[in-house]
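J.: Would you mind keeping the following structure in view while I ask a few things?
The values are calculated or read from the model by the stated rules, or taken from the named source; none is laboratory data. Treat the numbers as computed from the prediction; the structure is a model and nothing was measured. Here the Cβ positions follow ideal geometry from the backbone for every residue, glycine too, while neighbour counts run over all protein chains shown.
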Amino acid sequence: MLQTEFEAKTHATFDALMWAFSYPGRIQQFKLEPSETGFSVIAEALLDLETSAWTNNPDLEQKIRATGAKIKTLEQAQYVFCHEFPTLELLRVIRRGTPLEPDTSATLILAAGLETGQKLRLSGAGIQDALEVQIDLPLEFWDVREEVLAYPIGWDVLIVDGSRLLGIPRSTRIEVM
């Protein structure tokens, strides 16, 4: 069956997302047109009529609505898109699932620089031994992540830097260096 250009691009973005979570800490690349952002193509690949999202960016909110996804409160959203770093209080209210339903946790999608900023050592599933990365996020972010994480509950994180992304599933252990 032939795919439209949009379908092919959405599938390629979804593949990059899948590989980002399968191999935490490895930077994945996806294609952007000049009028697109990493957030908009991720929204197109992940969101549909059965999903919900929250964002702190009005332009992205319009794109999210165009997917058919519901705009929900931060506490209710399945996908949380943050162009600007949220306050630590906001991070603490993002859905993290329950021991009986860990799949009800949110995926947090953050804009941050990759290969700059704080050095981290990642270990866990999908990582042979350990992997060192740099992510330009405030140190407090990693403290809050540790605070809300009690595997299998917690949130999965996607770091977006232009057309590059890095996945950090909640199963990944992080040591701030």
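J.: Pick from segment 124-157 the residues that are under 22 Å from residue 104 (Cα atoms) and touching a strand residue (DSSP E or B) at 6+ places or on another chain (Cβ under 6 Å): which of them is surrounded by the most Cβ atoms within 10 Å (Cβ to Cβ)?
T.: The selected residue is 157.
J.: Of everything in segment 1-47, what is more than 18 Å from residue 64 (Cα to Cα), in contact with a Leu (Cβ under 9 Å, 6 or more places away or on another chain) and among the polar types (S, T, N, Q)? Give them in sequence order.
T.: 28, 29
J.: Take residue 133 and tell me if it is within 22 Å of residue 57 (Cβ to Cβ) and of a type outside the set (Ser, Thr, Tyr). I'd like the intermediate steps shown before the answer.
T.: Working: within 22 Å of residue 57 (Cβ to Cβ): no; of a type outside the set (Ser, Thr, Tyr): yes.
So residue 133 does not fit the description; no.
J.: Moving on. Quick check on segment 1-18: of everything there that is surrounded by 15 or more Cβ atoms within 10 Å (Cβ to Cβ) and under 14 Å from the mean Cα position of the chain (by Cα), which residue is farthest from residue 126 (Cα to Cα)?
T.: Among those that are surrounded by 15 or more Cβ atoms within 10 Å (Cβ to Cβ) and under 14 Å from the mean Cα position of the chain (by Cα), it is 13.
J.: Scan segment 20-29 and tell me whether some residue there is in a helix (DSSP H, G or I), surrounded by 15 or more Cβ atoms within 10 Å (Cβ to Cβ) and touching a residue at least 60 places away in the same chain (Cβ under 8 Å).
T.: Within segment 20-29, one or more residues are in a helix (DSSP H, G or I), surrounded by 15 or more Cβ atoms within 10 Å (Cβ to Cβ) and touching a residue at least 60 places away in the same chain (Cβ under 8 Å).
J.: Consider segment 110-129. How many of its residues are of a type outside the set (S, T, N, Q), modelled with pLDDT under 95, under 23 Å from residue 29 (Cα atoms) and not in a strand (DSSP E or B)?
T.: Residues that pass the stated criteria total 4.
J.: OK, next. Can you tell me which residue within segment 30-55, out of those that are among the β-branched types (Val, Ile, Thr) and in contact with a Phe, Trp or Tyr (Cβ under 7 Å, 6 or more places away or on another chain), is surrounded by the most Cβ atoms within 10 Å (Cβ to Cβ)?
T.: 41
J.: Here is a list of conditions, (1) in a loop (DSSP other than H, G, I, E, B); (2) within 16 Å of residue 170 (Cβ to Cβ); (3) not charged (D, E, K, R), and residue 2 meets all of them except one; can you say which number that is?
T.: (2)
J.: Here's something else I'd like to know. Taking only pairs six or more apart or across chains, which ones have beta-carbon atoms under 9 Å, a first residue in segment 86-99 that is part of a helix (DSSP H, G or I), and a second residue that is among the hydroxyl-bearing types (Ser, Thr, Tyr)?
T.: Within 9 Å, the pairs are 93/73.
J.: Give me a count of the residues in segment 147-175 that are more than 29 Å from residue 31 (Cβ to Cβ), modelled with pLDDT under 95 and of a type outside the set (Ser, Thr, Tyr).
T.: Of the residues in that region, 7 qualify.
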